[in-house]
Amino acid sequence: MVNQQNISTRAWLELLLLGIIWGGVFLTVAIGLEELSPLALAAFRTGIAAPILWLYVWFRKLPLPRGFRIWRALLVMGLLNNVLPFALLNYGQTLIDSGLTAIFNAGTAVFGILVAALFFADERLTKPKIIGVLLGVMGIAVTVGYDSIQSFNLTSLAQMACIVATLCYALASVWARKNLTNLAPACVSAGMVTCSTLVMIPIVMVFEGLPSFDLKLQTWIAILYAASIATAFAYLLYFRILAMAGAANTMLVTLIVPPIAILLGVVVLQETLPLRSFIGFGFIALGLVVIDGRIWKHCRWVFSS
């Protein structure tokens, strides 16, 4: 177990890189959605990422997943970590800005704390976690806005879709810890995106028909970025950071992603977010800082010395 306080310069740099990569995916999704449906875009993303990850597994000569139980676990993992959140976030982004979607996505860590406490005895809710979760929930509520709560409309539905997606991510982390800890991370990634693709392709074909492959160059670039960089490479980088820095430190990537997504949305897509979005993200970020605990411990050390 990596100590929460011990994070190397290399781990920090790789964490920053991961945050930039995942922050950029919201821009590429916005570009992809100009020509593809939310589900088709998600299918392209996992369908291209899967062979890339299997090539990595083959190159590293890692043992392949075997047995019905393992593949069943990978199927559930794919549903929770890819199919549902990718489709829901993509749908949300058809109605709300990319930067706002990224802010909602930051709530993943908040829900992760709550879900982990429900399923694992060693993840009990301490006072800092409770305070941090309350701040995070407050931030999500502020971001949604009173008007959206009072009068439910398509924008409200899009925001709810993003929130449900973050809950799926939180459940996926619990599922992986309970069922996939004995499998190499690269094999988990390859297996779950493969199962996700096998689920999404029939759904797309039945409800939407064969998606068009006659797409603009910028759309293909966006798809390839989302699949190869933000999915295949990002999963490998995520598990590498997790091994180096531990789960608590890796969670800090959720603080890096929204500012990158917001900046790209403003510069490239000319998006503008209401003030409440930034206030809401501030509450979410403060909640994560409280959960992390290092700044509080440092302040106590400074004032007690």
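Every number here is computed from the coordinates shown, using simple stated rules; none is lab data. Owing to the predicted nature of the structure, the values given are computational and were not obtained by experimental measurement. Note: ideal-geometry Cβ built from the backbone for every residue, glycine included; neighbour counts use all protein chains shown.
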Open item on the list: For the ranges 129-139, 252-262, 272-282, what's the packing order if you count other beta-carbon atoms within 10 Å of each residue, average per peptide, and put the highest first?
Closed with: 252-262, 129-139, 272-282
TODO: Using 0.36 nm per residue of separation minus the Cα-Cα distance, give me the extension gain between THR9 and ALA141 in nm, one decimal.
DONE: 44.0 nm
Task: Within region 9-304: Cβ-based charge dipole about Cα centre, in debye rounded to nearest 20 (Lys, Arg +1; Asp, Glu -1) - done: 1240 debye
Task: Inverse of mean 1/r across different Cα pairs in region 152-211, Kirkwood, Å - done: 14.0 Å
Task: Inter-centroid distance (Cα atoms) of region 23-42 relative to region 190-230, Å - done: 10 Å
Open item on the list: With θ taken as phi - 60° and the coefficients 6.51, -1.76 and 1.60, list the Karplus ³J(HN,Hα) couplings across region 117-124 in order, rounded to whole Hz; mark glycine and proline as x.
Closed with: 5, 6, 10, 10, 5, 7, 10, 4
Task: Euclidean distance of C-alpha centroids, region 84-136 and region 64-81, integer Å - done: 23 Å
TODO: Write down the Kirkwood hydrodynamic radius of the chain, to one decimal in angstroms, obtained as one divided by the mean of 1/r over all alpha carbon pairs.
DONE: 19.9 Å
Open item on the list: Number of Lys pairs in the chain with C-alpha atoms less than 26 angstrom apart, excluding same-chain neighbours closer than eight positions?
Closed with: 5
Task: Residues in region 236-262 reached by a label modelled at ARG60 [backbone nitrogen below 12 Å; 7 Å Cα→Cβ] - done: 236-243
TODO: Give a residue-ordered list of calculated ³J(HN,Hα) values for region 190-195 (Karplus: 6.51 cos²θ - 1.76 cosθ + 1.60, θ = phi - 60°; whole Hz; x for Gly, Pro).
DONE: 5, x, 6, 6, 5, 4
TODO: Return the calculated 222 nm mean residue ellipticity for the chain, to the nearest 500 deg cm²/dmol, obtained by summing -39500 (n - 2.57) across DSSP H runs with n ≥ 4 and dividing by the residue count.
DONE: -24500 deg cm²/dmol
